[in-house]
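Peer 1: Take this structure first; my questions come after.
The values are calculated or read from the model by the stated rules, or taken from the named source; none is laboratory data. Note that the coordinates shown come from a computational prediction; the quantities given were computed from them, not determined experimentally. Note: ideal-geometry Cβ built from the backbone for every residue, glycine included; neighbour counts use all protein chains shown. Just the protein is used for accessible areas: all its heavy atoms, side chains included, with ligands, DNA and RNA removed. Shrake-Rupley method; radii C 1.70, N 1.55, O 1.52, S 1.80 Å.
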Amino acid sequence: MKKIANAVLFSKLPYGWVRHSSALAVTNEILQNELENIKEAGTYKKERVIVSKQAVEIFVEGNSKPLLNFCANNYLGLSSHPEVIQAGIDALKKYGAGLSSVRFICGTQDIHKELEEKIARFHEREDSILYASCFDANAGLFEVLLTPEDAVLSDELNHASIIDGIRLCKAKKFRYKHKDISDLEEKLKECGDARQRLIVTDGVFSMDGNVAPLPQICDLAEKYKAMVFIDECHATGFFGVTGRGTEEYFNLSGQIDIINSTLGKALGGAAGGYTAGSKALIDLLRQRSRPYLFSNALPPPVVASASKVLDILGSASTYQELVHSNTMHFRERMVEAGFTILGENHPICPVLLGDAKVASHMADKLLDKGIYVIGFSYPVVPKGKARIRVQISAAHTPSDIDRTVDAFISVGREMGIIK
């Protein structure tokens, strides 16, 4: 970088010189110092570049050998299923690459309405509405539903998108201790004069793999005349007997008032999110939800791919059984080997390590053994709670799991993590 005149700076890049103002130069120095702090703490996240489709076996740039992927949200293994891919190709040819429009102008095709109807039927709700992501669904719900006369009560470990969405609303905000029913009840007592009370929780908490105590939450909701909202991103499609999520897992059919979830994990893995609930709620979201009103409609190939996954789930239940059996196999072998595995019999299987640098170093060593996993550390998880989050898929075989556990044991002993 060099100064030319009047405090204007230029930096040399492969494609030419780029101009920077002196103000930006100062900001860049501040940002660079912050980046150095992140690296020093061992929490800097590097993105590995995948050069193949998402599957159990993947190829990564710089590595000539195939790797076993144990960190994708591809719980059903359907992201690259031939029928799902073909559905996307057919929609691309028939409906084009995208709509170049928001839904209410000229961005709604028949396949969008069909998918919304399938989602509503899947969750046994009156209606549903599609978003570009579940982050957008969470960002667009609370400010529409809640006013200063209302109260929202949120689990302290809810996903960042829920936290951000709640920040946008003007309701009285209460945060209760993680899965602490007594604390939730105290908070419900505090907001007894609110017009509406909304209890908000993840169905499954993505960093820990533990499940919200929905039966007790629903009991309190009934007692204090509150509504219940759950984010089902890490449950839809594979959790519960038929994959209908945490509500089904606890046999609470129809007791959850609002469900938000994603198409970007088990349901095809491409993109998109949704809200499922009463027709009145969905109609109002179409009128006032800002992420819906000001974002392009979901691309046709994405819509068709997710729709095909729902068709597949409607005709087979073996996927859920495979996810469960694979999960138990991995958890049992890892615990037997001496590792601490968080969560509650969910395919999110966090291997708790504590130190961020240890988690990152172990993930690198596992990569050398052909196992693709990622270390998670602050700010994604609390300081001192770094981990490798292993995620199990229906597409994994028992031998895939055994090979991965054997690699963990080998590296764990080498690093002194287990005996």
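Peer 1: Quick one: ranking PHE294, PHE229 by accessible area, 1.4 Å probe, largest first, what do you get? Working shown, then result.
Peer 2: Values: PHE294 155, PHE229 0 Å².
Result of the area sort, largest leading: PHE294, PHE229.
Peer 1: Computed from these coordinates, which is Rg/Rh (Cα atoms, Kirkwood Rh): [x] 0.99; [y] 1.06; [z] 1.33?
Peer 2: [x]
Peer 1: Under a 5 Å amide H to amide H cut-off, with H placed in plane at 1.01 Å, what residues pair with GLY273 once short-range neighbours are removed?
Peer 2: It is TYR131, ALA132, SER133, CYS134, LEU263, by chain and number.
Peer 1: Could you state the principal axis extents of the C-alpha atoms in region 329-399, from the largest down, to the nearest angstrom?
Peer 2: Result for region 329-399: principal-axis Cα extents of 32, 29, 21 Å.
Peer 1: Treating the beta-carbon of each Lys and Arg as +1 and of each Asp and Glu as -1, no other charges, what is the dipole magnitude of region 275-335 about its Cα centre, to the nearest 20 debye? Display every interim value, and only then the final one.
Peer 2: Values: 7 positive and 4 negative charges, 62 e Å.
Here the size comes out at about 300 debye.
Peer 1: Taking amide H positions as placed in the peptide plane 1.01 Å from N, state which residues far from ILE50 in sequence (5 or more) or on other chains have amide H under 5 Å from it.
Peer 2: Placed amide hydrogens put GLU61 under 5 Å from ILE50.
Peer 1: On to the next question. Just to verify a number: what accessible area does MET207 come out at with the full protein assembly present, 1.4 Å probe, Å² rounded to tens?
Peer 2: 40 Å²
Peer 1: Can you compute the modelled spin-label distance between LYS46 and ARG403, with each label point 7 Å from Cα toward Cβ, in nm?
Peer 2: Simple spin-label model gives 2.3 nm for this pair.
Peer 1: I've got another one for you. Give me a comma-separated list of calculated 3J(HN,Hα) values for region 100-117, in order, Karplus coefficients 6.51, -1.76, 1.60 applied at θ = phi - 60°, integers in Hz, x for any Gly or Pro.
Peer 2: Using θ = phi - 60°, the values come out as 6, 6, 6, 4, 7, 8, 8, x, 10, 9, 4, 5, 5, 5, 5, 5, 4, 5 Hz.
Peer 1: From the phi of every residue in region 13-28, what ³J(HN,Hα) in whole Hz does the Karplus formula 6.51 cos²θ - 1.76 cosθ + 1.60 yield, where θ is phi - 60° and glycine or proline is x?
Peer 2: Along region 13-28, the couplings run 10, x, 9, x, 8, 10, 7, 10, 6, 5, 5, 5, 4, 5, 4, 4 Hz.
Peer 1: For a quick check of your reading of the filter: which trypsin sites (Lys or Arg not before Pro) in region 130-189 sit in a DSSP loop and have no more than 15 other Cβ atoms within 10 Å? Write down the numbers at each step before the final one.
Peer 2: Numbers: sites: ARG167, LYS170, LYS172, LYS173, ARG175, LYS177, LYS179, LYS187, LYS189; in loops: LYS170, LYS177, LYS179.
Those that pass, being in a loop and sparsely packed, are LYS170, LYS177.
Peer 1: Which value, in nm² and rounded to one decimal, describes the direction-averaged projected area of the C-alpha convex hull of region 114-206?
Peer 2: Details: hull surface 26.3 nm².
Mean projected area of the Cα convex hull: 6.6 nm².
Peer 1: Hey, another quick one. Could you work out how much longer the chain between ILE38 and ARG290 gets when fully extended? Use 0.36 nm per residue separation minus the Cα distance between them, nm to one decimal.
Peer 2: Values: separation 252, 0.36 × 252 = 90.72 nm, distance 3.36 nm.
My answer for the length gained is 87.4 nm.
Peer 1: How much solvent-accessible surface does THR108 expose, in Å² to the nearest 10, with a 1.4 Å probe and all protein chains in place?
Peer 2: Accessible area of THR108: about 60 Å².
Peer 1: Would you compute, for the Cα atoms of region 161-293, the largest minus smallest coordinate along each principal axis and list the three values in descending order, in whole Å?
Peer 2: 42, 34, 27
Peer 1: Further question: Determine the share of the chain's accessible area contributed by carbon and sulfur atoms, expressed in whole percent, with a 1.4 angstrom probe.
Peer 2: Its accessible area is 52 percent carbon and sulfur atoms.
Peer 1: Separate question: Under 5 Å between amide H atoms, partner at least 5 residues away or on a different chain: which partners does ASN296 have, H built in plane at 1.01 Å?
Peer 2: Residues meeting the criterion, in which the H sits 1.01 Å from N, do not exist here.
Peer 1: Out of region 7-82, which trypsin sites (Lys or Arg not before Pro) are coil in DSSP terms and have no more than 10 other C-beta atoms within 10 Å?
Peer 2: Details: sites: LYS12, ARG19, LYS39, LYS45, LYS46, ARG48, LYS53; in loops: LYS45, LYS46, ARG48, LYS53.
Listed in order of number, the matching sites are LYS46.
Peer 1: Compute the Cα gyration tensor for region 255-318, then decide on rounded, prolate or oblate, letting a ≥ b ≥ c be the square roots of its eigenvalues: rounded whenever a/c is under 1.5, prolate when a/b is larger than b/c in the other cases, and oblate in all that remain. Let's see the in-between values first.
Peer 2: Working: a/c = 2.56, a/b = 1.38, b/c = 1.86.
Oblate, because a/c is 1.5 or more while a/b does not exceed b/c.
Peer 1: Keeping all protein chains in position, work out how much accessible area TYR44 exposes to a 1.4 Å probe, and write it in Å² to the nearest 10.
Peer 2: 100 Å²
Peer 1: Moving to a separate point now. What distance in nm separates the two pseudo spin-label positions at HIS361 and VAL241, each 7 Å out from Cα along the beta-carbon direction?
Peer 2: 4.9 nm
Peer 1: While we're here: For LYS187, go through the lysines and keep the ones whose alpha-carbon is under 25 Å away, minus same-chain ones fewer than eight residues off.
Peer 2: Result set, ordered by chain and number: LYS170, LYS172, LYS173, LYS177, LYS179, LYS223, LYS225.
Peer 1: DSSP loop GluC sites (Glu not before Pro) in region 114-152 with at most 15 other Cβ atoms within 10 Å of their Cβ, which ones?
Peer 2: Within region 114-152, the qualifying GluC sites (Glu not before Pro) (loop, at most 15 other Cβ atoms within 10 Å) are GLU124, GLU126, GLU149.
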